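Single-structure report; data block below.
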Amino acid sequence: MKPARTFSVALIVAALFPAAATAQGIQYDKIEIKTEKIAPNLYMLSGSENVDPGHPDGAGGRIGVLAGPDGIFMVDSQYLQIGDKVLAAIRRIDPGPIRFLVNTHVHPDHTAGNATFAKAGAVLLAREELREGLARQTAADPARLPVITYGMGDPVKFRMNGEVVELIPVRAAHTGGDTMIRFVNADAIMVGDFYRNFGYPFIDTNNGGSLKGALEALELTMKIAGPNTRLIPGHGTFINRTDIIPYRDMILAVQTKVQQLIGQGKTLQEVLAAKVTSPYDAKVPGGLLPAGNAGTSADRFVSMVYAQLKDGH
Ligand SMILES: [Zn+2]
């Protein structure tokens, strides 16, 4: 059964994402940066579809740009290889100095371009845990490392360009060093990757993420967001707080099911074979597509839930 299933998923990938189906990795030269204005001085930048196998819905992680007379405040930095394209997209918005760059989390689709913007004059900020994670990649350019770090206390606030920007630390969720970035006047929050609407939740426990923390982060987001607040994930489409409810409920239902199977003494292979996500598979775009070495996105998610529950998290 297993080979047949793998084969059918491969066929679906080939049909839906012909460019991404080849094993050549990210096609940096094909990435174009799209700019979306979401408030008078707040812009979201994202990469092209179907050129990044890990993110067929849009290459790399989304970038936020707050522009105006006080200089530019950036959220995340995309891949290093497309720094010139991101810089050009920012210059089309505003020619002013790039003063600050904050990272939502450590993953390279959000941080690999940091050095480009540090060298363009930006002061880099992030959680202490994020800096530690980046510092472990010893071969990379030291200019990518955050200069200012903060912990789990009250939000760090910036007042620039008529906006109040809050850096809201999130306890171990998608990774161990997540931050949400709230633009108070624009009524928008960039939430990073603990919520996603392409593929099943990805909680990176190797980088300090946790299932419990991700659930807490979803609750926190629903609490601080107003009814019209635009929630902007690192990938995929914008949502509002009511969209988090079915997402959270899906995680809780899968958690309950996996806990039952663990109680019956099932192994990880048996839990994966039970296809506990099947009630949701039709509603989760990309849910059955390959996700790294862990099989499908659903398999990666269920394996994470299993490991977290087994470890008593
Ligand atoms: Zn990401």
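Stokes-Einstein diffusion for the stretch 183-309 at 4 °C, viscosity 1.567 mPa s, with a Kirkwood radius from C-alpha pairs, works out to 85 µm²/s.
Between N240 and N185, the C-beta separation translates, for a Förster distance of 25 Å, into a calculated FRET efficiency of about 0.90. Normalised Debye scattering of the stretch 163-255 at q = 0.15, 0.20 Å⁻¹ gives log10 I(q)/I(0) of -0.51, -0.92, counting only Cα atoms as equal scatterers and leaving out solvent. Computed from the Kirkwood radius of its Cα pairs, the Stokes-Einstein diffusion coefficient for the stretch 91-199 at 25 °C and 0.890 mPa s stands at 169 µm²/s. With both residues required to sit in the chain, DSSP beta bridges show an antiparallel share near 65%. With the gyration tensor restricted to C-alpha atoms of the chain, the semi-axes of the equivalent ellipsoid amount to 32, 22, 18 Å, longest first.
May I ask what percent, to the nearest 5, of DSSP beta bridges between residues of the stretch 88-187 are antiparallel? That works out to approximately 60 percent antiparallel. Between D57, D29, D193, the residue with the greatest mean-square fluctuation in the GNM of the chain (Cα pairs under 10 Å linked by springs) is D29. The relative contact order of the stretch 170-313, computed from alpha carbon pairs under 8 Å that lie at least 6 residues apart in sequence, is 25 percent. For the chain, a Gaussian network of Cα nodes joined below 10 Å ranks K257, K85, K223 by mean-square fluctuation, and the top entry is K223. Can you list the lysines whose alpha carbon is less than 28 Å from that of K212, not counting same-chain residues fewer than 8 positions off? Straight-line reach from K212, under 28 Å: K157, K223, K257, K266, K275, K283, K310. For the chain, modelled as a GNM with alpha-carbon contacts under 10 angstrom, which of G162, G286, G213 fluctuates the most? Taking springs between Cα atoms under 10 Å, the residue moving most is G162.
Taking 12 Å as the straight-line reach from the Cα of K30, the aspartates and glutamates in range (excluding those fewer than 8 positions away in the same chain) are E49, D52.
Taking every alpha-carbon pair within the stretch 15-123, the share separated by more than 18 Å comes to 45 percent.
If contacts are Cα pairs under 8 angstrom and at least 6 residues apart, what is the relative contact order of the chain in percent?
After rounding, I find 12 percent.
Panel order for M152, M222, by other beta carbons found within 10 Å of each beta carbon, from fewest to most: M152, M222.
Where a number appears in this text, it was derived from the coordinates with a stated rule and is not lab data. What you are looking at is a predicted structure, and each value in this text was computed from that prediction instead of being measured. Positions of Cβ are backbone-derived with ideal geometry, glycine not excepted, and every protein chain shown enters the neighbour counts.
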